[in-house]
Amino acid sequence: MKNGKKNKTHWKISLAALFAVVLISVGLNYYFSNAYQLSFFQNGSESIVALILCAAFLLVIVIVNLITSRLFKGAPKSVHNPKAVRRFMAVFCAVILFFTMWVYPLAEKASYINKIENALALSEQQQGDEEITVLFMSSERKCMRTNTSNCHSQSYQNAFFLKNNLSTQKEVQVRIRALDSEQNELKVIDSDIMTLEAGELKLVETEESFDEASIWSRSSFETDRRVQSYESLYRYRDRE
């Protein structure tokens with residue numbers, strides 16, 4: 001260890017891999033934007049949240065660095081290296097922003113598009129003679145479990161879709177009665193009055209839907225337990 005040479009860091013391989021990931025993600029975003037009319041970037045409020053998260057981590061590191069600099073003032077670089085800490089802060093913040101503002105939204109878009117495709121396929125099976133089709137697509141917790149936490153405190157986010165099977169534009173409202181696996185009532189909620197073009201499919205939005213979130217991050221409503229089935233009642237009219 002003392003007499004051996006330091007192994008050369010393979011920066012070219014790492015940078016090439018990063019460039020490939022960015023290039024592929026840009027291509028996917030471009031495809032999603034054109035094929036599904038989704039915004040290329042997440043909206044401003046979500047970007048602000050990402051910046052605040054990055055700033056919070058940065059503040060903690062700066063405070064720790066200042067305290068360490070005072071406690072180990074004049075210490076050799078092997079004990080405390082301010083230059084290395086600054087490099088770490090820059091790389092760390094760049095990684096946080098890359099994942100929160102680019103990678104995570106891309107994954108959310110892919111999940112949303114998968115729900116859209118499944119909803120379209122399911123609507124073809126359920127359509128029948130219905131003027132409006134109500135589709136239940138998912139009931140899930142958006143929670144990243146770690147060794148020190150669990151997801152029990154998180155609510156289930158439920159995604160319902162509406163499809164206008166008529167040949168003209170309509171204003172539609174639906175009432176959903178969400179049920180658990182034992183057919184117990186979890187929630188009864190009315191949707192907003194939604195405008196649907198002929199043949200259009202839309203996520204059901206209610207008073208619980210977060211309007212400031214990007215469309216791929218929204219849910220119809222939340223429940224404390226997983227929704228397993230539902231009952232629905234809809235009404236529609238010509239747009240005034």
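The values are calculated or read from the model by the stated rules, or taken from the named source; none is laboratory data. All figures in this text were calculated on a predicted structure; none of them were measured in a lab. All Cβ positions, glycine included, derive from the backbone under ideal geometry; neighbour counts span all protein chains shown. Note: accessible area is taken over every heavy atom of the protein model, side chains too, but ligands, DNA and RNA are not part of it. Shrake-Rupley method; radii C 1.70, N 1.55, O 1.52, S 1.80 Å.
Here are the numbers:
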{"quantity": "Test: residue in the range 163-184 that is among the polar types (S, T, N, Q), at pLDDT 95 or above, open to solvent by less than 60 Å² (accessible area, probe 1.4 Å) and outside any loop (DSSP other than H, G, I, E, B)", "calculated": "yes"}
{"quantity": "Some residue of the range 147-159 being part of a helix (DSSP H, G or I) and either at positive phi or modelled with pLDDT under 90 (or both)", "calculated": "no"}
{"quantity": "Residue match in the range 145-158 (condition: within 21 Å of LEU233 (Cα to Cα) and out of contact with any Pro (no Cβ under 6 Å at 6 or more places or on another chain))", "calculated": "yes"}
{"quantity": "Options ARG70, ARG87; residue that is farther than 15 Å from TYR104 by Cβ, at pLDDT below 85, open to solvent by 40 Å² or more (accessible area, probe 1.4 Å) and part of a helix (DSSP H, G or I)", "calculated": "ARG70"}
{"quantity": "Residues that are in contact with a helix residue (DSSP H, G or I) (Cβ under 6 Å, 6 or more places away or on another chain) and of a type in the set (Phe, Trp, Tyr), drawn from the range 149-204", "calculated": "PHE161"}
{"quantity": "Residues satisfying the stated conditions in the range 35-57, i.e. assigned to a helix (DSSP H, G or I) and open to solvent by less than 70 Å² (accessible area, probe 1.4 Å)", "calculated": "ALA35, TYR36, GLY44, SER45, GLU46, SER47, ALA50, CYS54, ALA55, ALA56"}
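Residues are listed down the side, and each one gets a yes or a no for (1) open to solvent by less than 80 Å² (accessible area, probe 1.4 Å); (2) more than 26 Å from ILE215 (Cα to Cα); (3) in contact with a helix residue (DSSP H, G or I) (Cβ under 9 Å, 6 or more places away or on another chain); (4) in contact (Cβ under 8 Å) with a residue 60 or more places away in the chain:
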site	(1), (2), (3), (4)
LYS77	no, yes, yes, no
THR100	yes, no, yes, no
ASN114	no, no, no, no
ASN118	yes, no, no, no
